[in-house]
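Take a look at the structure set out below.
The values are calculated or read from the model by the stated rules, or taken from the named source; none is laboratory data. Predicted, not measured: the structure shown is a model, and the values here were computed from it. So basically every Cβ, Gly included, is an ideal-geometry build from the backbone, and we count neighbours across all protein chains shown. Only protein heavy atoms, including side chains, enter the accessible area calculation; ligands, DNA and RNA are left aside. Shrake-Rupley method; radii C 1.70, N 1.55, O 1.52, S 1.80 Å.
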Amino acid sequence: MLKKILKITFRILLLAFIVIQFFRPEKNQAEGISPNDITNLYTVPADVQLILKTSCNDCHSNNTVYPWYSNIQPFAWWLKDHIDDGKKHLNFSEFASYPIRRQYKKLEETNEEVKKDNMPLNSYLWIHRDAVLNNQQKLAIANWVTAIRDTIKANYPADSLVRKK
């Protein structure tokens, strides 16, 4: 009796697995560079661009390079959720559309998250070993972010850079 139940359960799970393969989320792949891309607003040094491409853009831009397992459900849904969450917090492809206050804050948060090793996420690093940031790369990001924040500070009134209470 138990064998029969297990056999039926296995068949139902297998059928469900096959059926969910037909339901695919939309991929995060835009054509070309967005007019709101951070590179259209601020200078991004080549070393920082490489770091962003390797360690950040899969979740924080409109262009994700998908791994092979993204074609298998439920992994595709899991990836979509991570990408959507990452873009909700920071999207380098839409950075220029942010109000200056948000740009200023997001640059500060980027520096903090990288310094604390909160970014890239450990779950991303399991597969993407080349995305692990070394101290030199963290310093490059910190210097770049600080330079942009200093430029913003020099060009905008201080009260426009903080959230009004």
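Show Thr43, Thr146 ordered by accessible area, largest first, where the area counts protein heavy atoms only and the probe is 1.4 Å. If you can, show how the numbers build up before the last one.
On the way: Thr43 120, Thr146 65 Å².
So, going from the largest accessible area down, we get Thr43, Thr146.
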Seminar exercise, completed: Kirkwood Rh over alpha-carbon pairs of the stretch 1-68 plugged into Stokes-Einstein at 20 °C, 1.002 mPa s gives a D in µm²/s of 135 µm²/s
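Remind me, what semi-axes does the stretch 21-160 give for its equivalent ellipsoid, largest first in whole Å, using sqrt of 5 times each Cα gyration tensor eigenvalue?
Details: eigenvalues 154, 60, 32 Å².
Here the semi-axes work out to 28, 17, 13 Å.
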Problem set entry | Cut-off under 5 Å, modelled amide H: who pairs with Val132 long-range | none
Seminar exercise, completed: Expressed in angstrom and ordered largest first, the alpha-carbon extents of the stretch 75-148 along the principal axes are 36, 29, 17
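Kirkwood Rh over alpha-carbon pairs of the stretch 118-165, then Stokes-Einstein at 25 °C and 0.890 mPa s: what D in µm² s⁻¹, rounded to an integer? Don't skip to the answer; put the middle values down first.
Details: Rh = 13.2 Å.
The diffusion coefficient I find is 185 µm²/s.
To the nearest 0.05, what FRET efficiency results for Lys4 and Trp68 with a Förster distance of 35 Å applied to their C-beta separation? Before the final figure, lay out each step's value.
Numbers: r = 36 Å, r/R0 = 1.04.
Between Lys4 and Trp68 the formula returns 0.45.
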Exercise. Taking the simple approach of a point 7 Å from Cα along Cα-to-Cβ for both Gln49 and Gln21, what is their distance in nm?
Worked result: 4.0 nm
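Of the accessible area of the chain, with the probe set at 1.4 angstrom, what percent is carbon plus sulfur?
Values: 6730 of 11180 Å².
Its accessible area is 60 percent carbon and sulfur atoms.
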Problem set entry | Inter-probe distance in nm under a simple model that places probes 7 Å from Cα toward Cβ, at Asn40 and Gln136 | 3.3 nm
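Could you work out the relative contact order of the chain, using alpha carbon pairs under 8 angstrom and six or more residues apart, expressed as a whole percent?
Details: 129 pairs, mean separation 44.2, N = 165.
After rounding, I find 27 percent.
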Exercise. For the chain, what is the accessible area per residue in Å² when the probe is 1.4 Å?
Worked result: 68 Å²
Exercise. When ranked by the protection proxy of mean other Cβ atoms within 10 Å per residue, highest first, what sequence do the peptides 73-80, 104-111 form?
Worked result: 104-111, 73-80
